[in-house]
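The values are calculated or read from the model by the stated rules, or taken from the named source; none is laboratory data. These numbers were taken from a predicted model, which means no experiment stands behind them. Every residue, glycine among them, receives a Cβ derived from its backbone with ideal geometry; neighbour counts consider all protein chains shown. Calculation scope for accessible area: heavy atoms of the full protein, side chains included, ligands and nucleic acids excluded. Shrake-Rupley method; radii C 1.70, N 1.55, O 1.52, S 1.80 Å.
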Amino acid sequence: MDWEGQKLAEQLMQIMLLSFAVIAFGAGYITASFQTMILTYADGVVLTTLVTLPNWPFFNHHPLKWLDQSEAEKHPKPQPSVNVTTKKKFTSI
């Protein structure tokens, strides 16, 4: 999954879960049944998982272009320098 696909999956997940929460609340309120509300929301969670968790082809429209190994060796990653800090003595006033 590429970055844009990951963003799309996250947005779909949020929209679907919120929608199913509202639908489940409405169904539970109309039928006056807590069980109906929980089962409706659970169905929504399962459907959301099936839509957003697998690596579906529509999540891969923007593939990442990785740096070739030979090119990476030509331009090595800079190493962080070690900074020596001096301890300062604080005096009270």
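Brief remarks on what is shown
- Residue pairs meeting the criteria (Cβ under 8 Å; at least 6 apart or on separate chains; first on the phi > 0 side of the Ramachandran plot, in the stretch 26-51; second open to solvent by less than 50 Å² (accessible area, probe 1.4 Å) and of a type outside the set (A, V, I, L, M, F, W, C)): none
- In the stretch 2-31, the residues that are of a type in the set (A, V, I, L, M) and open to solvent by less than 90 Å² (accessible area, probe 1.4 Å): Leu8, Ala9, Leu12, Met13, Met16, Leu17, Ala21, Ala24, Ala27
- Residues within the stretch 44-58 that are within 11 Å of Met16 (Cα to Cα) and open to solvent by 50 Å² or more (accessible area, probe 1.4 Å), tallied: 4
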